[in-house]
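Worksheet: the structure to be examined is printed underneath.
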Amino acid sequence: MRLAVDRDRLRPRRCIRATHSHNTLTHEPLTTLMPFRKLNDMEDTSGVTPDRRRRRRAETITEILAIAEEQMTTDGVAALNLAQVARRMGLTPAALYQYFASKNAIYEALFALGMADLEPVLMAAEKRAQTDPVAAMTTCQQDILRWCMNRPVLAQIIFLRPVPGFEPSETTWASALSQFQRLREILRMAGAAGQVRPEGATDDAMEILVCLASGVLTRQLANEPDAPVDGGRIAQLLPTVLDMFFTYYASHDA
(Lines give C-alpha, C1' and ligand atoms only; values in the text may rest on other atoms or scores of the structure.)
Protein backbone atom coordinates (compact mmCIF):
# COMPACT_ATOMS: atom_id res chain seq x y z
CA MET A 1 0.00 0.00 0.00
CA ARG A 2 1.31 3.43 -0.91
CA LEU A 3 1.37 6.05 1.78
CA ALA A 4 0.21 9.59 1.09
CA VAL A 5 2.86 12.27 1.54
CA ASP A 6 2.06 15.50 3.37
CA ARG A 7 4.21 17.93 1.37
CA ASP A 8 3.79 20.72 3.92
CA ARG A 9 5.65 18.65 6.47
CA LEU A 10 8.60 18.39 4.12
CA ARG A 11 9.26 22.11 4.27
CA PRO A 12 12.36 22.94 6.38
CA ARG A 13 10.52 25.37 8.61
CA ARG A 14 8.17 22.64 9.78
CA CYS A 15 10.60 19.76 9.91
CA ILE A 16 10.96 18.00 13.25
CA ARG A 17 13.37 15.52 14.71
CA ALA A 18 12.63 12.77 17.20
CA THR A 19 14.72 12.32 20.29
CA HIS A 20 14.49 9.68 22.98
CA SER A 21 14.83 10.58 26.63
CA HIS A 22 14.05 7.98 29.30
CA ASN A 23 12.11 5.92 26.71
CA THR A 24 9.82 8.89 25.93
CA LEU A 25 9.56 10.06 22.37
CA THR A 26 9.74 13.84 22.10
CA HIS A 27 9.78 16.16 19.14
CA GLU A 28 11.99 19.20 18.88
CA PRO A 29 12.30 21.80 16.10
CA LEU A 30 15.13 21.01 13.71
CA THR A 31 17.45 23.96 14.15
CA THR A 32 20.80 22.53 13.13
CA LEU A 33 20.68 24.09 9.67
CA MET A 34 19.39 27.57 10.37
CA PRO A 35 17.70 29.56 13.16
CA PHE A 36 13.97 29.95 13.55
CA ARG A 37 14.08 33.65 12.82
CA LYS A 38 16.11 33.11 9.70
CA LEU A 39 13.47 30.70 8.45
CA ASN A 40 10.74 33.21 9.12
CA ASP A 41 12.69 35.98 7.43
CA MET A 42 12.99 33.87 4.30
CA GLU A 43 9.24 33.92 3.79
CA ASP A 44 9.07 37.48 2.50
CA THR A 45 12.57 38.54 1.54
CA SER A 46 11.36 39.85 -1.80
CA GLY A 47 9.53 42.66 -0.07
CA VAL A 48 12.22 43.57 2.45
CA THR A 49 14.19 46.69 1.64
CA PRO A 50 17.85 47.13 2.65
CA ASP A 51 16.81 49.72 5.24
CA ARG A 52 14.33 47.31 6.74
CA ARG A 53 16.95 44.55 6.90
CA ARG A 54 19.38 46.91 8.63
CA ARG A 55 16.66 47.90 11.08
CA ARG A 56 15.86 44.27 11.82
CA ARG A 57 19.54 43.50 12.34
CA ALA A 58 19.94 46.48 14.68
CA GLU A 59 16.87 45.40 16.65
CA THR A 60 18.24 41.85 16.95
CA ILE A 61 21.61 43.14 18.14
CA THR A 62 19.91 45.32 20.74
CA GLU A 63 17.92 42.31 21.98
CA ILE A 64 21.03 40.12 22.14
CA LEU A 65 22.85 42.69 24.24
CA ALA A 66 19.86 43.12 26.57
CA ILE A 67 19.60 39.37 27.13
CA ALA A 68 23.36 39.07 27.64
CA GLU A 69 23.28 41.87 30.21
CA GLU A 70 20.36 40.22 32.01
CA GLN A 71 22.10 36.84 32.06
CA MET A 72 25.31 38.37 33.46
CA THR A 73 23.35 40.22 36.11
CA THR A 74 22.28 36.83 37.42
CA ASP A 75 25.33 34.68 36.75
CA GLY A 76 28.20 37.15 36.83
CA VAL A 77 29.97 39.14 34.14
CA ALA A 78 32.62 36.51 33.45
CA ALA A 79 29.96 33.80 33.12
CA LEU A 80 28.46 35.03 29.86
CA ASN A 81 27.07 31.99 28.02
CA LEU A 82 26.38 32.43 24.32
CA ALA A 83 24.39 29.20 24.12
CA GLN A 84 21.97 30.49 26.74
CA VAL A 85 21.66 33.83 24.97
CA ALA A 86 20.99 32.11 21.65
CA ARG A 87 18.39 29.80 23.20
CA ARG A 88 16.48 32.72 24.68
CA MET A 89 16.60 34.48 21.31
CA GLY A 90 15.26 31.45 19.48
CA LEU A 91 18.52 31.21 17.54
CA THR A 92 21.08 28.49 17.14
CA PRO A 93 24.53 29.30 18.57
CA ALA A 94 25.85 29.31 15.00
CA ALA A 95 23.27 31.92 14.02
CA LEU A 96 24.26 34.11 16.96
CA TYR A 97 27.78 34.28 15.56
CA GLN A 98 26.35 36.10 12.53
CA TYR A 99 25.87 39.05 14.89
CA PHE A 100 28.77 38.61 17.31
CA ALA A 101 31.84 36.59 16.40
CA SER A 102 32.78 35.86 20.02
CA LYS A 103 31.99 36.58 23.64
CA ASN A 104 34.57 39.36 23.58
CA ALA A 105 32.62 40.98 20.75
CA ILE A 106 29.60 41.17 23.06
CA TYR A 107 31.73 42.60 25.85
CA GLU A 108 33.07 45.13 23.38
CA ALA A 109 29.56 46.16 22.32
CA LEU A 110 28.42 46.48 25.94
CA PHE A 111 31.51 48.56 26.77
CA ALA A 112 30.66 50.93 23.91
CA LEU A 113 26.99 50.95 24.94
CA GLY A 114 27.95 51.98 28.46
CA MET A 115 30.17 54.79 27.25
CA ALA A 116 27.35 56.10 25.06
CA ASP A 117 24.95 55.82 28.00
CA LEU A 118 27.27 57.98 30.12
CA GLU A 119 27.61 60.69 27.50
CA PRO A 120 24.62 62.78 28.70
CA VAL A 121 26.13 62.80 32.21
CA LEU A 122 29.38 64.22 30.83
CA MET A 123 27.59 66.79 28.72
CA ALA A 124 25.55 68.02 31.70
CA ALA A 125 28.72 68.29 33.80
CA GLU A 126 30.52 70.29 31.11
CA LYS A 127 27.59 72.69 30.88
CA ARG A 128 27.46 73.24 34.63
CA ALA A 129 31.24 73.58 34.83
CA GLN A 130 30.99 76.87 32.97
CA THR A 131 29.74 78.48 36.18
CA ASP A 132 30.75 76.09 38.98
CA PRO A 133 33.35 73.43 38.13
CA VAL A 134 33.47 71.90 41.63
CA ALA A 135 29.70 71.49 41.79
CA ALA A 136 29.77 70.06 38.27
CA MET A 137 32.41 67.47 39.20
CA THR A 138 30.62 66.54 42.42
CA THR A 139 27.27 66.06 40.69
CA CYS A 140 28.89 64.20 37.82
CA GLN A 141 30.59 61.68 40.12
CA GLN A 142 27.33 61.09 41.97
CA ASP A 143 25.45 60.61 38.69
CA ILE A 144 28.08 58.15 37.46
CA LEU A 145 27.74 56.15 40.67
CA ARG A 146 23.95 56.06 40.32
CA TRP A 147 24.33 54.88 36.73
CA CYS A 148 26.76 52.16 37.84
CA MET A 149 24.31 50.90 40.44
CA ASN A 150 21.55 50.88 37.84
CA ARG A 151 23.70 49.12 35.20
CA PRO A 152 26.14 47.03 37.29
CA VAL A 153 27.10 44.74 34.42
CA LEU A 154 28.17 47.61 32.18
CA ALA A 155 29.86 49.32 35.12
CA GLN A 156 31.99 46.25 35.81
CA ILE A 157 32.94 45.84 32.16
CA ILE A 158 34.01 49.50 31.91
CA PHE A 159 35.51 50.25 35.30
CA LEU A 160 36.49 46.93 36.89
CA ARG A 161 37.52 44.73 33.93
CA PRO A 162 36.41 41.38 35.45
CA VAL A 163 36.76 39.30 32.26
CA PRO A 164 40.17 37.66 31.76
CA GLY A 165 41.50 38.26 28.28
CA PHE A 166 39.08 41.01 27.33
CA GLU A 167 40.34 44.42 26.35
CA PRO A 168 38.29 46.98 24.45
CA SER A 169 39.32 47.86 20.92
CA GLU A 170 41.49 50.90 20.29
CA THR A 171 38.48 52.84 19.00
CA THR A 172 36.30 52.09 22.02
CA TRP A 173 39.16 52.68 24.44
CA ALA A 174 39.88 56.02 22.78
CA SER A 175 36.28 57.02 23.45
CA ALA A 176 36.67 56.10 27.12
CA LEU A 177 39.90 58.07 27.40
CA SER A 178 38.21 61.05 25.78
CA GLN A 179 35.50 61.06 28.46
CA PHE A 180 38.17 60.82 31.15
CA GLN A 181 40.04 63.75 29.64
CA ARG A 182 36.85 65.79 29.71
CA LEU A 183 36.55 65.14 33.43
CA ARG A 184 40.15 66.22 33.86
CA GLU A 185 39.33 69.43 32.04
CA ILE A 186 36.55 70.19 34.53
CA LEU A 187 39.05 69.81 37.37
CA ARG A 188 41.46 72.13 35.56
CA MET A 189 38.62 74.63 35.23
CA ALA A 190 38.18 74.46 39.00
CA GLY A 191 41.84 75.37 39.36
CA ALA A 192 41.57 78.22 36.87
CA ALA A 193 38.51 79.54 38.72
CA GLY A 194 40.41 79.53 42.03
CA GLN A 195 38.17 76.87 43.56
CA VAL A 196 41.12 74.56 44.20
CA ARG A 197 44.84 75.15 44.56
CA PRO A 198 47.01 74.48 41.49
CA GLU A 199 48.10 71.11 42.84
CA GLY A 200 44.42 70.16 43.12
CA ALA A 201 43.96 70.55 39.38
CA THR A 202 46.82 68.30 38.26
CA ASP A 203 46.67 64.89 36.65
CA ASP A 204 47.79 63.35 39.94
CA ALA A 205 44.90 65.03 41.75
CA MET A 206 42.53 63.64 39.13
CA GLU A 207 43.88 60.15 39.74
CA ILE A 208 43.32 60.58 43.46
CA LEU A 209 39.76 61.71 42.84
CA VAL A 210 39.09 58.70 40.62
CA CYS A 211 40.56 56.33 43.21
CA LEU A 212 38.28 57.76 45.88
CA ALA A 213 35.16 57.58 43.73
CA SER A 214 35.94 54.12 42.32
CA GLY A 215 36.65 52.86 45.83
CA VAL A 216 33.11 53.77 46.85
CA LEU A 217 31.80 52.11 43.69
CA THR A 218 33.67 48.83 44.14
CA ARG A 219 32.73 48.60 47.83
CA GLN A 220 29.09 49.24 46.98
CA LEU A 221 28.93 46.66 44.19
CA ALA A 222 30.82 44.08 46.25
CA ASN A 223 28.82 44.44 49.45
CA GLU A 224 25.37 45.61 48.38
CA PRO A 225 24.99 44.78 44.69
CA ASP A 226 21.19 44.73 44.89
CA ALA A 227 20.76 47.97 46.84
CA PRO A 228 18.41 50.56 45.35
CA VAL A 229 20.09 53.25 43.27
CA ASP A 230 19.71 55.96 45.92
CA GLY A 231 19.73 53.65 48.94
CA GLY A 232 23.16 52.05 49.03
CA ARG A 233 24.76 52.39 52.44
CA ILE A 234 28.25 52.81 50.99
CA ALA A 235 27.12 54.85 47.98
CA GLN A 236 25.67 57.44 50.35
CA LEU A 237 29.22 58.15 51.55
CA LEU A 238 30.33 59.52 48.18
CA PRO A 239 29.32 63.17 48.86
CA THR A 240 31.42 63.09 52.05
CA VAL A 241 34.36 61.55 50.19
CA LEU A 242 34.18 64.22 47.47
CA ASP A 243 33.87 66.96 50.07
CA MET A 244 37.02 65.66 51.76
CA PHE A 245 38.88 65.87 48.44
CA PHE A 246 37.80 69.40 47.62
CA THR A 247 38.32 70.56 51.19
CA TYR A 248 41.87 69.26 51.12
CA TYR A 249 42.64 71.02 47.85
CA ALA A 250 40.54 74.13 48.52
CA SER A 251 42.16 77.41 47.53
CA HIS A 252 43.03 79.56 50.53
CA ASP A 253 41.64 82.54 48.64
CA ALA A 254 38.30 80.88 47.86
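Scanning segment 217-254 for residues that are among the acidic types (Asp, Glu) and either under 16 Å from MET137 (Cα atoms) or touching a Ser or Thr at 6+ places or on another chain (Cβ under 8 Å) (or both) yields a single hit, ASP243.
You will find that of ALA129, ALA116, ALA68, the residue that is of a type in the set (Gly, Ala, Ser), over 21 Å from CYS148 (Cα atoms) and out of contact with any Ser or Thr (no Cβ under 8 Å at 6 or more places or on another chain) is ALA129 and no other. Only one of the listed residues (TYR107, TYR97) is more than 13 Å from PHE166 (Cα to Cα) and either of a type in the set (Ser, Thr, Tyr) or in contact with a strand residue (DSSP E or B) (Cβ under 6 Å, 6 or more places away or on another chain) (or both). That residue is TYR97. Among the residues of segment 211-244, those that are open to solvent by less than 30 Å² (accessible area, probe 1.4 Å), in contact (Cβ under 8 Å) with a residue 40 or more places away in the chain and assigned to a helix (DSSP H, G or I) comprise ALA213, VAL216, LEU217, GLN220, LEU221, ALA235, LEU238, LEU242.
Residues in segment 195-210 that are open to solvent by 30 Å² or more (accessible area, probe 1.4 Å) and either more than 30 Å from the chain's Cα centre (by Cα) or hydroxyl-bearing (Ser, Thr, Tyr) (or both): GLN195, ARG197, PRO198, GLU199, THR202. As for segment 117-130, it holds at least one residue that is of a type in the set (A, V, I, L, M, F, W, C) and either open to solvent by 50 Å² or more (accessible area, probe 1.4 Å) or modelled with pLDDT under 95 (or both). Being surrounded by 14 or more Cβ atoms within 10 Å (Cβ to Cβ), of a type in the set (Val, Ile, Thr) and at pLDDT below 95 is not true of THR24.
The values are calculated or read from the model by the stated rules, or taken from the named source; none is laboratory data. It should be emphasised that the depicted structure is a prediction, and the values quoted were computed from it without experimental measurement. We place every Cβ from the backbone using ideal geometry, glycine too, and count neighbours over all the protein chains shown. The area values use the complete protein model at the heavy-atom level, side chains included, leaving out ligands, DNA and RNA. Shrake-Rupley method; radii C 1.70, N 1.55, O 1.52, S 1.80 Å.
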